[in-house]
Amino acid sequence: MSAARLFAHQFRSDLVRFWRNPQSRYFTVLLPIVFLVIFAAIFKGTTIVDGRRIAITTFYVPAIMTLGIISASYVNLTQAVVAQRESGELKRLRGTPLPASFVITSRAAVGVVVAVAMSALLLLIGRLAYNVPIPSSTMAGLVIAVVVGAAAFACIAFAVSTRIGAAEAAAPATNLTVLPLYFISGVFIPEGQIPKFLRDIASVFPIQHLSQALLEPVAHTHGVGISSTDLLIVAAWGAAALLIAARTFRFSPRAD
């Protein structure tokens, strides 16, 4: 079997496993949609973004896209990798003819593909249900932000998974690292309503920058919609995480 077919087989297997897991389907696919509907129902009117007044739903679509990307490529991926490692599945896979790089890349690819699909679905819901504008001129910037964000957070997932020693600890550990940042990074609350000292803290982490990179092409109707500085910071986090994961990633359970 060729390398391409071998990888495709593993990717299909990981994708089917993701879809058959009720917890993955709910928290990764359904929950962001629920958040979007709730926020759109509760919050009305407009908000200010970079000096421009936009509808609050126009703000929340890219904001919840941020949550969807992180749920798919970081939260779910970290939990899946830790569970597979601690159950011994990764160790068994490494003993097969399947290259170790395929095992890792396939899991990351599933996270990226699900993140892209979730972003497209949220964008479609925003357009059809809330009349959120989708400027064609900035679509390239939006696609780039989604892909860069998903890839970077997949790398972060592998780095963080090396620090979690038990499958039961994966869910609380990943949620603890993202939930507080959602509130101070302009995901749940418009940035203008967040105290400056909290915004300064959030600016150190990649969630705020991913949120800004996704908001830029949706909120602005001119230009190419690429927030270069924000994307570079997100990519830098991903690159640093990849280096850490390359040095510390384990296929065997921590107890070994």
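The values are calculated or read from the model by the stated rules, or taken from the named source; none is laboratory data. In this text, all values refer to a predicted model and were calculated from it rather than measured experimentally. Don't worry about glycine lacking a Cβ; one is built from the backbone with ideal geometry, like all the others, and counts go over all protein chains shown. Please note that ligands, DNA and RNA were not included when accessible areas were found on the heavy atoms of the full protein model with its side chains. Shrake-Rupley method; radii C 1.70, N 1.55, O 1.52, S 1.80 Å.
A few points about this structure:
- Filter result for Phe59 (touching a Ser or Thr at 6+ places or on another chain (Cβ under 8 Å) and crowded, with 20+ Cβ neighbours inside 10 Å): yes
- The range 62-91 - residue that is of a type in the set (D, E, K, R) and either open to solvent by 30 Å² or more (accessible area, probe 1.4 Å) or in contact with a strand residue (DSSP E or B) (Cβ under 6 Å, 6 or more places away or on another chain) (or both) and, of those, farthest from Arg20 (Cα to Cα): Lys91
- The set of residues from the range 191-238 being over 15 Å from Phe153 (Cβ atoms) and of a type in the set (Ser, Thr, Tyr) comprises Ser203, Thr221, Ser227, Ser228, Thr229.
- Being within 28 Å of Ala236 (Cβ to Cβ) and touching an Asp or Glu at 6+ places or on another chain (Cβ under 9 Å) holds for only one residue in Leu142, Leu90, and it is Leu142.
- With respect to (1) over 16 Å from Tyr26 (Cα atoms); (2) in contact with an Asp or Glu (Cβ under 9 Å, 6 or more places away or on another chain), the lone exception for Ala80 is condition (1).
- Condition met for Ala108 (open to solvent by less than 40 Å² (accessible area, probe 1.4 Å) and either β-branched (Val, Ile, Thr) or in contact with an Asp or Glu (Cβ under 8 Å, 6 or more places away or on another chain) (or both)): no
- Check on Arg94, without any contact (Cβ under 8 Å) to a residue 24 or more places away in the chain, surrounded by fewer than 19 Cβ atoms within 10 Å (Cβ to Cβ) and on the phi < 0 side of the Ramachandran plot: no
- Residue satisfying condition, being under 19 Å from the mean Cα position of the chain (by Cα) and either modelled with pLDDT under 95 or exposed (fewer than 15 other Cβ atoms within 10 Å of the Cβ) (or both), within set Phe197, Phe153, Phe183, Phe205: Phe183
- Of everything in the range 1-24 that is open to solvent by 80 Å² or more (accessible area, probe 1.4 Å) and more than 19 Å from Val178 (Cβ to Cβ), the residue that is modelled with the highest pLDDT is Arg12.
- Top-ranked residue of the range 113-140 - restricted to ones that are open to solvent by less than 10 Å² (accessible area, probe 1.4 Å) and modelled with pLDDT of 90 or more, ranked as farthest from His209 (Cα to Cα): Gly126
- Hits in the range 36-56 (condition: buried (at least 20 other Cβ atoms within 10 Å of the Cβ) and at pLDDT 90 or above): Leu36, Ala40
- Of the criteria (1) more than 30 Å from Ala41 (Cα to Cα); (2) at pLDDT below 90; (3) open to solvent by less than 20 Å² (accessible area, probe 1.4 Å), which one Pro190 fails: (1)
- Qualifying residue in the range 242-250 (condition: among the basic types (Lys, Arg) and outside any helix (DSSP H, G or I)): yes
- Meets criteria (without any contact (Cβ under 8 Å) to a residue 40 or more places away in the chain and of a type outside the set (Val, Ile, Thr)) for Leu232: yes
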